[in-house]
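The values are calculated or read from the model by the stated rules, or taken from the named source; none is laboratory data. Treat the numbers as computed from the prediction; the structure is a model and nothing was measured. Because the Cβ atoms are built from the backbone with ideal geometry, glycine has one as well, and the counts that use them run over all protein chains shown.
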There are 2 protein chains.
Amino acid sequence: MSSNALFADLYEFTMLRAYLELGMTEQATFSLFVRRLPPKRNFLIACGLANLLNEIENLRFDGEQIDYLGSLKIFSSAFLDWLQGFRFSGDIHAMREGTPFFENEPILEVIAPIAEAQLIETLVLNQIGLQTILSSKAARIVAAARGRVVIDFGARRAQGLDAATIGARAFFVGGVASTSNVAAGKAYGLPVAGTMAHSFVEACASEAEAFRVFSEVFPETTLLVDTYDTIEGVKKVIALARMRGEGFKVRAIRLDSGDLDKLSREARQMLDEAGLNDVQIIASGGLDEARIDALTARDAPIDIFGVGTDMAVSSDAPALDIAYKLTEYAGVGRMKLSTGKRSLPGRKQVFRQFRDGFATGDVIARAGENLPSIALLRPVMLAGRRVASEAFELSQIHAHAEEALAALPSKLRTLQSHKSLYDVVISRQLSDYERLTRERLSR
Amino acid sequence: MSSNALFADLYEFTMLRAYLELGMTEQATFSLFVRRLPPKRNFLIACGLANLLNEIENLRFDGEQIDYLGSLKIFSSAFLDWLQGFRFSGDIHAMREGTPFFENEPILEVIAPIAEAQLIETLVLNQIGLQTILSSKAARIVAAARGRVVIDFGARRAQGLDAATIGARAFFVGGVASTSNVAAGKAYGLPVAGTMAHSFVEACASEAEAFRVFSEVFPETTLLVDTYDTIEGVKKVIALARMRGEGFKVRAIRLDSGDLDKLSREARQMLDEAGLNDVQIIASGGLDEARIDALTARDAPIDIFGVGTDMAVSSDAPALDIAYKLTEYAGVGRMKLSTGKRSLPGRKQVFRQFRDGFATGDVIARAGENLPSIALLRPVMLAGRRVASEAFELSQIHAHAEEALAALPSKLRTLQSHKSLYDVVISRQLSDYERLTRERLSR
């Protein structure tokens, strides 16, 4: 199987050829950061590093890929030979996956000969961008669920196969309990969940028959009750329970349409009156964090939320203003001056300050500064090799995210916008360096 | 390389086991349709069929996948044995890729033993959904460009690697000329485009130096002029042209920030006054169809638009209300009755009516009806094998889309909402059948 070495904008390759022919082989630093948080995000959660490092460590060009580039008639054979031997040999410093971060903070820095650092640009942006969007969205859904379980039902609506699969991983980092996507379950060892669809109910002679036969095959299943009429469906579950007696093991019913607040209360009351207090209620169907928040705020008796489309594509913020920018070349700070887009020159570090266990603010500083707080950027790849002690199990990443989120001011974890409650400042040294670099370039 | 056979919601597998153990092996029909167009879409463009059929034809479970399913402890060994021998053996009827379609119209029907048709649900929704969203978004961008060239710059912002790569294909179907994504260029034979980034300019000693050396390596390149100050950048291009004289072959400049209307006019005038009338202007940076429409409506002198984020994720409509529903089982019509969601029972056909070469409206009918107009659903897979005469080259799909779009009422191709201008009606036979099915199920 060929690597994703060609997953790059064409200009990466044209610039590479130019760098090499012009002898521009010095070390560069590129910084990955989000310029501006989406309107409804108080923070984002860094995610996607493990997959990215794996891609970078294994980035190779095979013969077919080289031939394709050759066919474009814009690359010299010397350049194609160089690509054939390509290995990423640089260093990468990054925030741990699961770390919340804020505007303009570098979440990853690549320090490598400029051609190498340039080549991976498109891959870095795409991979970290996607998982960061999705884990950050999931955290909002999970917050809105107020302790109830959230399941990912999004595979069918995600933007492609890998969005669905690495997305399920990102949702888990953001606090989601399980996924319906079997491929993701296998790929990442995630818990998988799921039961029956309307098609099963419709294919049977009747809804009562469907419930009876499905629960014979899967005694501890969930029954979907809204195919024809939700309340009638609940009655059929209760009738089945009466018929089966002790043999009734069904764990839950699922509501997938209608007024979920009203229907969940009616269903709960009916189940309780029938002595089925242990049968849980799962709700799904067009749920987003606002709808879930409304349901949990009124304490609708829903135990589990199945969330699809809205989480799968992060529908209110499907892309990030994420950038991968040259900040240093040959030891000299670099930056763009054009309109309205700030980019901080040089290698950097992000320090998070804590008081009584709570994060109180961040300082973006120059690399090498030593502030009395936690440095968030850590070496994760050195000379092209992953740092073993920075390779975490997914369960560790999940736990880290949970802990780091719990340490944020609690208002940041609500659905309302409270960006101003968290200070991100630029250190004196960095802001001096930014000014000096700007002056040098404006001359 | 293992197939995407596990790319399915867990409930597909639980239902499959139930179908098999219960002897439910009759033929089913599932219909794929979009319940409601996104607010700003007058139509959608069917896309993604070729990839989907390829996946379905090659769907196999390997030993590792079977072992994984076994590890979940919910599947019998008889069922796992059955999966091991799985081949899709059914028929698929679908609209040609590139065909515009409307609400509630089936764009694809799967006719197969119910287990087979059920298993592919998640894959069908994901794959057709993604490409349809993206080709439909691209058509809006292309319409707004009013004949100017559009290039896909979205790889870095797409939701994953396959979204970027099959997305580039979908954009091409929607009328986009080329892509910056090299992997997509190779995968689908798409024209690739791209030149230089700010990082190259910043890494050089000065902008003038960057332009000089880059155009030595690539004489016919595009120069990015907005790294420090756009107008100063244009002056440097002109100075380079003076210095090079006849040797100056630069084809274009690119503006990536600021007021593109104003800057393009100033740049055009400066270039023209310098005799550089052939140097084109490319604009990029946060463009969507509304911004492009505003620029072309005022006739800003921009020759080429590079469009990234907004097209890459279809930011105003990142997901579709797309459904894959059982409509017939064992020869009997099936449908859901629950709230507000219509699903038309039985096998169907969509007829498009034309007058003077223009499409005037569609009729959704029962399969087997014969209306004096063009039937849009065609057999594309029979007994698990693709129909060779329905396998089109991408260039043919592109041409078909162009022609089919040109045949729509012209107002539908503007950015404004004009859904009411196109009639989609349900045939008498189908509406009778819907009523009878509903009555039968409500009894």
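Here is how the numbers come out for the structure above:
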| read-out | value |
| --- | --- |
| Number of the condition not met by A:I231 [criteria: (1) surrounded by fewer than 17 Cβ atoms within 10 Å (Cβ to Cβ); (2) touching a Ser or Thr at 6+ places or on another chain (Cβ under 7 Å)] | (2) |
| Meets criteria (facing chain A (nearest Cβ under 8 Å) and modelled with pLDDT under 95) for B:M1 | yes |
| Check on A:A155, within 11 Å of another protein chain (Cβ to nearest Cβ), within 17 Å of the chain's Cα centre (by Cα) and assigned to a loop (DSSP other than H, G, I, E, B) | yes |
| Candidate set: the range B:187-196, residues that are at the interface with chain A (Cβ under 9 Å from one of its Cβ atoms) and outside any helix (DSSP H, G or I); chosen: the one modelled with the lowest pLDDT | B:T195 |
| Residue ID - surrounded by the most Cβ atoms within 10 Å (Cβ to Cβ), chosen from residues in the range B:255-305 that are hydroxyl-bearing (S, T, Y) and closer than 27 Å to A:R342 by Cβ | B:S264 |
| One residue from A:E12, A:E26 being facing chain B (nearest Cβ under 9 Å), surrounded by fewer than 16 Cβ atoms within 10 Å (Cβ to Cβ) and either among the hydroxyl-bearing types (S, T, Y) or touching a residue at least 40 places away in the same chain (Cβ under 8 Å) (or both) | A:E26 |
| A:D162 vs. criteria under 27 Å from A:L394 (Cα atoms), of a type outside the set (F, W, Y) and at pLDDT below 95 | yes |
| Exclusive hit being under 20 Å from B:R334 (Cβ atoms), in contact with a Phe, Trp or Tyr (Cβ under 6 Å, 6 or more places away or on another chain) and surrounded by 20 or more Cβ atoms within 10 Å (Cβ to Cβ), set B:I114, B:I92 | B:I114 |
| Cβ pairs under 7 Å, 6+ apart, first in the range B:253-271 and more than 10 Å from B:A283 (Cβ to Cβ) and assigned by TED's automatic domain parsing to the domain that holds B:I151, second aromatic (F, W, Y) and in a loop (DSSP other than H, G, I, E, B) | none |
| B:G285 vs. criteria in contact (Cβ under 8 Å) with a residue 60 or more places away in the chain and within 12 Å of another protein chain (Cβ to nearest Cβ) | no |
| Some residue of the range A:56-79 being buried (at least 17 other Cβ atoms within 10 Å of the Cβ) and within 30 Å of A:L408 (Cα to Cα) | no |
| Unmet criterion (only one of (1) within 11 Å of chain A (Cβ to nearest Cβ); (2) part of a helix (DSSP H, G or I)) for B:L6 | (2) |
| Any hit, the range B:337-346, residues being over 17 Å from B:E103 (Cα atoms) and more than 14 Å from chain A (Cβ to nearest Cβ) | no |
| A:Y329, sole failed condition from (1) in contact with a Phe, Trp or Tyr (Cβ under 9 Å, 6 or more places away or on another chain); (2) assigned by TED's automatic domain parsing to the domain that holds A:K40 | (1) |
| Residue in the range A:223-243 that is assigned to a strand (DSSP E or B), more than 25 Å from B:E26 (Cβ to Cβ) and in the same structural domain as A:D278 (by TED's automatic domain parsing) present | no |
| Residue check, A:A184 over 28 Å from B:S343 (Cα atoms), within 14 Å of another protein chain (Cβ to nearest Cβ), surrounded by 16 or more Cβ atoms within 10 Å (Cβ to Cβ) and under 37 Å from the mean Cα position of the chain (by Cα) | yes |
| Filter result (within 25 Å of the chain's Cα centre (by Cα) and closer than 19 Å to B:I92 by Cα) within the range B:9-36 | B:T29, B:F30, B:S31, B:L32, B:F33, B:V34 |
| Elements of type helices (runs of 4 or more DSSP H) in the range B:29-144, at least 1 residues being free of Cβ contacts under 8 Å to residues at least 40 places away in the same chain and within 10 Å of chain A (Cβ to nearest Cβ) | B:63-71 |
| Subset of the range A:197-219 that is within 15 Å of B:E21 (Cα to Cα) and outside any helix (DSSP H, G or I) - its residue that is farthest from the other protein chains (Cβ to nearest Cβ) | A:P219 |
| Unique match (being β-branched (V, I, T) and free of Cβ contacts under 8 Å to residues at least 24 places away in the same chain) among A:V234, A:V217 | A:V217 |
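Quick grid of which residues meet (1) surrounded by fewer than 20 Cβ atoms within 10 Å (Cβ to Cβ); (2) farther than 17 Å from A:A46 by Cα; (3) polar (S, T, N, Q):
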| position | (1), (2), (3) |
| --- | --- |
| A:D316 | yes, yes, no |
| A:D321 | yes, no, no |
| A:K325 | no, yes, no |
| A:V332 | yes, yes, no |
| A:M335 | no, yes, no |
| A:F354 | yes, yes, no |
| A:P372 | yes, yes, no |
| A:M381 | no, no, no |
| A:Q396 | yes, no, yes |
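Residue-wise test of (1) among the small types (G, A, S); (2) surrounded by 24 or more Cβ atoms within 10 Å (Cβ to Cβ); (3) under 20 Å from A:Y324 (Cα atoms).
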| residue | (1), (2), (3) |
| --- | --- |
| B:L130 | no, yes, no |
| B:F153 | no, yes, yes |
| B:I166 | no, yes, no |
| B:A170 | yes, yes, no |
